[in-house]
1. Stokes-Einstein diffusion coefficient for segment A:68-144 at 4 °C in a medium of 1.567 mPa s, Rh from the Kirkwood formula over Cα pairs: what value in µm²/s?
2. Go ahead and estimate [θ] at 222 nm for chain B from helices alone: -39,500 (n - 2.57) per DSSP H run with n ≥ 4, summed, over the residue count, rounded to 500.
3. Run the quick spin-label model on A:THR57 and A:ARG144: label points 7 Å from Cα toward the beta carbon, then report their separation in nm to one decimal.
4. Starting from the Cα-Cα distance between A:HIS127 and A:THR98, subtract it from 0.36 nm times their residue separation and give me the gain in nm to one decimal.
5. Round to the nearest 10 and give me the degree value, 0 to 90, for the angle of helix A:242-251's Cα axis relative to the longest principal axis of chain A.
6. Compute the acute angle (0 to 90°) between the alpha-carbon long axis of helix B:143-153 and the principal axis of greatest extent of the alpha-carbon atoms of chain B; round to the nearest 10°.
7. As a test of the definition: with a 1.4 Å probe, what buried accessible area, both sides summed, do you compute for A against B, in Å² to the nearest 100?
8. Which log10 I(q)/I(0) values does segment A:24-88 give at q = 0.14, 0.26, 0.27 Å⁻¹ under the Debye formula, counting every alpha carbon as one identical point scatterer?
Amino acid sequence: MTRKALLGGTSAAILAVLAAGVGLADIRTGGELVINGEIAIVTETEPPEHLAGVFDTIYSGWVFRTDETRAMQADDFDNPGMLYVEQGIEAFNTAMGTEGNSCASCHENPESLAGVRATYPQWDEEHGEVQTVEMQILECQTERMGVAEPYGYDSQEMRNMVALIASVGRGQTVNVAMDGPASEAWELGREIYYTQYGQMELSCAQCHENNYGNLIRADHLSQGQVNGFPTYRLKNANIVSIHNRFRGCIRDTRGEPYAVGSPEFVALELYVASRGNGLTVEGPAVRN
Amino acid sequence: MKRQMLMAAGIALAATSVQADVIAPDDVVMSEYGEVFESLTGVPGDAARGAEIFASRSGGNCLACHAVSALSDEPWHGEVGPVLDGVATRWEEPALRGLLVNADMTFPDSIMPAFYKVSGFTRPGDAFTTRPAPADLQPILEGQQIEDIIAFLMTLTDY
């Protein structure tokens, strides 16, 4: 309650202004994350051009977590998300579908996909739509492997595979394209980001742009970046997808979320990913 | 369909005749400054109950955003809104009622939810179920719960 003494006697107007400000006071910025002593992660950097004037600095969600949670992410032996990556590796090398192919039949090893996470979602010319990593995996399964029952968009198998693809891209600078044919989806994502949803009428921006650093109950609000996904959530004891997180955030507004895998969430993912251009891929990150 | 509507109307009528003095969310009268002068229920608020609703996650969950020394026994006070110590010295009762009914009328585009509002939402849900809101969406708090919280807020005279 240190604020009390500070604010005692000031007018309501001043209080409101102070409250609306960003509370980075008890957030420890300037920390360094190097995974396994070798992969350097950019946890804070200059905002991309389209956010000039909105943020002075963009921060990875890592910055807002406790020392213990932060430390878990610094070593693969301590990061429970890596167990799912291992399951992903196994699936990567296992033949599936009528063609008798595994992922490895076409993509020699996971490392050959190291550039993927940092540049997705991205425009797919052939299908004429913006694709997420999940959509790309489904495309391979159905169009190249003859898999009759492809992974569910948010299934454990899908999350394992997405975690594998993120893990090999760790340290790469997020750089999703938002212009050209992707611009329409990007605009839709932007509109969704600033829309107040649900009975509580809350937008992503009200929590993650106007209040990052502030406590909302027991949670320090972050900037809501997606560079750490799929994230291992201590609360779930599992890895969670980007769309699942969006769904949870809209649910918490007493709202009706869009469906996981819907065009709206794909557009939102593209837009939110573009807000992190300049950060680095961290998945599977550890979050509470 | 028609019959269902008639029945629903009948139930609504029955409900109002029991609590004749409860003002429905859509009927609340607000001043141009966002104040609500008339009690939502006509029944005086209970400050102790108000404090409970204030803190409860399934109630107002006000503590998610506001810290207040009077409830220092409760863990996890939020920092999104102003500290509410001394709030009764800053606002009169009608202004507090208005803030709870719909804070947007006092602070445009406020992050603070409107607790006594049932329409005009984008993709409203059925509480936290992710399902769409039912046709007879209830306000987040009942009128009496709001009166109880106001009674609690009126006890916050110290800094």
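1. Values: Rh = 14.4 Å.
The Stokes-Einstein estimate is 90 µm²/s.
2. Only helices count here, giving -9500 deg cm²/dmol.
3. Taking the two extended label points, one gets 4.0 nm.
4. Details: separation 29, 0.36 × 29 = 10.44 nm, distance 2.27 nm.
Contour length minus the Cα-Cα distance gives 8.2 nm.
5. For A:242-251 against chain A, the angle is about 40 degrees.
6. 10 degrees
7. Buried: approximately 3600 Å² between B and A.
8. The computed values of log10 I(q)/I(0) come out as -0.51, -1.13, -1.17.
The values are calculated or read from the model by the stated rules, or taken from the named source; none is laboratory data. Just so it is clear, the model here is predicted, and its values are computed rather than measured. Cβ coordinates were reconstructed from backbone atoms using ideal geometry, including for glycine residues, and neighbour counts include every protein chain displayed. Accessible surface areas use protein heavy atoms only, side chains included; no ligands, DNA or RNA. Shrake-Rupley method; radii C 1.70, N 1.55, O 1.52, S 1.80 Å.
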